[in-house]
Amino acid sequence: MEQSIIAKLAAVQAGNAPNAVMVVVVATSDSAPQSPGARMLVMADGTTHGTVGGGAIEKLAIDHAGEMLNRNIETDFKSYDMDSEVKQGDRATGMMCGGSMSLYYELVAPEERFIVYGCGHIGSILAPLASKCGFHVVAVDHRTEMCESGRLGPGVDIQCILPQDHAEKLEIRPTDTIVIMTHNHQFDAAVLENLLRGLKMETMPRYIGMIGSKKKVKVILQRLNENGIAQSILDAVHTPIGLKIGGGSPGEIAVSVIAEVIAVKHDKIQDGAVQAMC
């Protein structure tokens, strides 16, 4: 794979570039301008890296990739004819090579991190659950017994460090989900303050939430406001966390939290309530 494609892929997945579409030649017949395995990355601004053959076929591929970006389509597959006698339909290219080419399209988006501060009763259930929902999960706890390798399953990256220290160094991305549920309310407050310090509304993660009773939440948010965190930033924090689905066991709470996170991800919460499916 070309170095320019690798570099741009890394930028997109790190959240440092807009979404893109990878176009891959998966099959050809007779004469075709490229061989299977050739690929092209189409950026949101229409610029490209790599090639699938140039000419009309490449123009069609770029246009379709742009349509996928506009409509947020994750994958697609299309076949094209390069026979000048085929002049109509989706397969027509107007090219005269005489063969055919099949292209696979895949949307490339930033890696969706799910960061859990605290690997206790709820966190130890929430972390693997989030992994099963497609997130890249990072679980943070300083207690060595909570950080045993494999304790939370193969899809969870456990980092053994003080949560507030991790939060202080974290480079927050717009697509991040961050859940705070350590074993100590002072740790929760410190983590939240370290995360919010210096943030603006336009740099807030997609979801940031802190577990706690109404009293705990009120006290912590008031103190953070007194320490200089803007009220608009504090109002964007989900706390207490989780949808009101009933039940208070660690497993039930974890389910309520992941349900809220997914509803926020898909913009299904309006006026504090989840839109009914129809």
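What follows is calculated from the coordinates using simple rules that are stated; it is not laboratory data. These figures come from a predicted structure and were not determined experimentally. Heads up, the Cβs are rebuilt from the backbone with ideal geometry, glycines too, and the neighbour counts pull from every protein chain shown.
The table that follows gives values for the structure above.
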| item | result |
| --- | --- |
| Span from the the range 2-43 Cα centroid across to the the range 115-142 one, whole angstrom | 32 Å |
| Candidates ALA130, ALA263, ALA139, ranked by Gaussian network fluctuation over the chain, Cα under 10 Å, top entry | ALA263 |
| Cα gyration tensor, the range 136-251 - rounded (a/c under 1.5), prolate or oblate | prolate |
| Leading residue at positive end of dipole, the chain (Cβ point charges), from LEU192, VAL237, VAL217 | VAL217 |
| Other-chain or far-sequence residues with amide H under 5 Å of VAL137's (modelled H) | PHE114, ASP157 |
| Within the chain, percent of DSSP bridges classed antiparallel, to nearest 5 | 55 percent |
| Dipole axis of the chain (+1 Lys, Arg; -1 Asp, Glu on Cβ), positive-most option in GLY54, ALA27, ALA14 | ALA14 |
| Semi-axis lengths, Å, the range 1-86, gyration tensor of Cα atoms, sqrt of 5 times eigenvalues | 24, 15, 10 |
| Rg to Rh quotient for the range 24-63, alpha carbon positions, Kirkwood Rh | 0.97 |
| Violating pairs (Cα-Cα greater than 29 angstrom) within the set LYS8/LYS78; LYS8/LYS268; LYS132/LYS218; LYS216/LYS265; LYS169/LYS265; LYS218/LYS244 | LYS8/LYS268; LYS132/LYS218 |
| Ranked by how many other beta carbons lie within 10 Å on average, peptides 232-241, 110-119 from highest | 110-119, 232-241 |
| Along principal axes, Cα extents of the chain, largest first, whole Å | 74, 41, 36 |
